[in-house]
Every structure is written in structure tokens, then in C-alpha cells.
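Worksheet: one structure, shown below.
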Amino acid sequence: MAAIALALVSSVSWGVGDFLGGLKSRSLPLLNVIVGSQVTGLLLVATFVAVRGDGPPGGDFAIFAALSAITGVSGLAAFYRGLAIGNMGIVAPISACAAVVPLAVGIATGDRPGTLQAVGLGLALAGVVLASREEVVGERAHRRTARGTGLAMLSALGFGFFFLAFDRAADGDVAWAMLVNRMTGVSLLLLAAAVVRPPLRAGPRDVPVIVGIGALDVGANGTFGLAATKGLVSVVSVVGSLYPLTTVVLAAIVLHERPHRLAQFGVATALLGVAMIAAG
């Protein structure tokens, strides 16, 4: 129960942070938002590790922590961009299918899902297909792939492999895994910023929000890492993947976004599938 509770806390923190990150990415360059929030997270984690005073654990945790940074930052960039250009109520639930990745890897390495998990996997994939369809009204009414769908799928892959890599890194020490993750992620982002050279447009009102995004992300990563050490990663990653519920609710309340009925059905189907995977 402790693992599930911690994973739920991480999902809510990710959901709030993702909503704010997607919202800010609509008015600021993407790299401004991601670099600012990731640097904030690095400072917070580095301070905690320094105050705690424990040295790094042995083993190969650093390799997996660095891999989690590469996959996590890639997924986050795709996700924020998807939220910025698409409907959050569609993009966020599609990204929740990140939970399929640990399950698929488990199957490939010998795990055999139960009937409930198998049905849940089918529902999650079917829900993604339905949610990705966007209704076009007018004289030439038809359905097309919703904006941001491709980015949402890329983010799902990135987050899925992040779950796997970070779980392995957290086995050594959660705090040190987070520190190496942030150091690697920030280094990659600064390199990207040096190449792209995005305009710096963050104003005084933007800074507290970006700092808050970084703090929420760190809190989510920490609670997920603890959850992964207490339970099966195939289960806690599914529960952690429920973050779109928070993002979708905030988008509906703040932005008044309402996906069309077919997309709503697809979102519900995908989330039901994720819940069945967790329950199995």
C-alpha cells in the first residue's frame, strides 16, 4: 500500500507540474521552460544531498540514472510541446500509455501478464487510437489525427523508458539517482540551448511558476523513486502514469478545454486500460 500511495502522490505532482509546464510553453520558448525547471530541480536535489552528507552508492546506478535523464528529458520536451500545440485533454492521456513500456519489457524478459492486464493493454492502445482522432467541423467535416498526437506518443516512449531506468538507479540510492539524473539532464539541455540559442523571454511573473514546475517535478521523481523501491516497477509506473487525470481536470477548469465525444471516450478507455494493468 505504501508503494501505491507514493506513486499516487508522484502522479498528482507530475500532473500539476505538466499542466503548468504545458501552459508556460504556449507563451515562452520550450527550452526556457525546461531549462529553468530542470536547473531548479538540480539545485534542490544538490542541496538535499549535500545536507544529508551520504556518499554515492557503488554499482552501476550512475549509468541508469544518466539513461533516465536522457529518456526523461526527451519525453518531457515532446510532452510540453504537445501540450502547447494540442488539446491537453487528448495529449496528456495518450502520454499515460508510458505504462505500457515497463509491461512490454517485462513480457519480453519472461513475465506473463494476467488476463486483466492483457485486456487493459488492449484497451489502453485502443483508447489512444480513439483519443488521437480530432473532429473537424464545417462543410468538409471529417476526422483527422489530433495535433500533438505524435509528440504525445514520443513522450509516452520517453517516460516509459525513464520509469525503467530510474527504477534501476533508485535501487542504489534515490537521492543520488536524482542528482545524477538532474546533472545529466541539465548538461544536455544547456548544450541544446547553446546550439539553438532560444530567446530569453521569461519575465518576473514567469520565474515563480518555472521554479514551481521544477519543485513539483523533483517531488514527483523522489516519491516515484521511493515507490519503486517498495513495489514492482510494472505496478508503480502504471499508477504514476495516472498524472493525466490531474492535467486534464486543470485544463478543463482553467482553459475550458473539452475534447469531442469520441476523444472523450478514447481518453476514458485508455485510462481504464491503465487502471486494469495496475490492478492486474
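The values are calculated or read from the model by the stated rules, or taken from the named source; none is laboratory data. Predicted, not measured: the structure shown is a model, and the values here were computed from it. All Cβ positions, glycine included, derive from the backbone under ideal geometry; neighbour counts span all protein chains shown. Areas reflect the complete protein model, heavy atoms only, side chains present, ligands, DNA and RNA absent. Shrake-Rupley method; radii C 1.70, N 1.55, O 1.52, S 1.80 Å.
Of everything in the stretch 192-225, what is within 30 Å of Ala2 (Cα to Cα) and either of a type outside the set (Val, Ile, Thr) or in contact with a strand residue (DSSP E or B) (Cβ under 6 Å, 6 or more places away or on another chain) (or both)? Give them in sequence order.
Of everything in the stretch 192-225, those that are within 30 Å of Ala2 (Cα to Cα) and either of a type outside the set (Val, Ile, Thr) or in contact with a strand residue (DSSP E or B) (Cβ under 6 Å, 6 or more places away or on another chain) (or both) turn out to be Gly212, Gly214, Ala215, Leu216, Asp217, Gly219, Ala220, Asn221, Gly222, Phe224, Gly225.
The conditions are (1) modelled with pLDDT of 80 or more; (2) under 21 Å from Phe161 (Cα atoms), and Val39 fails exactly one of them. Which is it?
Val39 satisfies all of (1) modelled with pLDDT of 80 or more; (2) under 21 Å from Phe161 (Cα atoms) except (2).
Select from the stretch 170-187 the residues that are more than 15 Å from Val218 (Cβ to Cβ) and modelled with pLDDT of 90 or more and list them in ascending order.
So in the stretch 170-187, the residues more than 15 Å from Val218 (Cβ to Cβ) come out as 171-173, 187.
Ser187 - this is the single residue of the stretch 170-187 that is more than 15 Å from Val218 (Cβ to Cβ) and modelled with pLDDT of 90 or more.
Pairs only if they're at least six apart or on different chains, beta carbon under 8 angstrom, first in the stretch 22-35 and within 18 Å of Val186 (Cβ to Cβ), second assigned to a loop (DSSP other than H, G, I, E, B) and open to solvent by less than 20 Å² (accessible area, probe 1.4 Å); list them, first residue then second.
What qualifies is Val33/Ser25.
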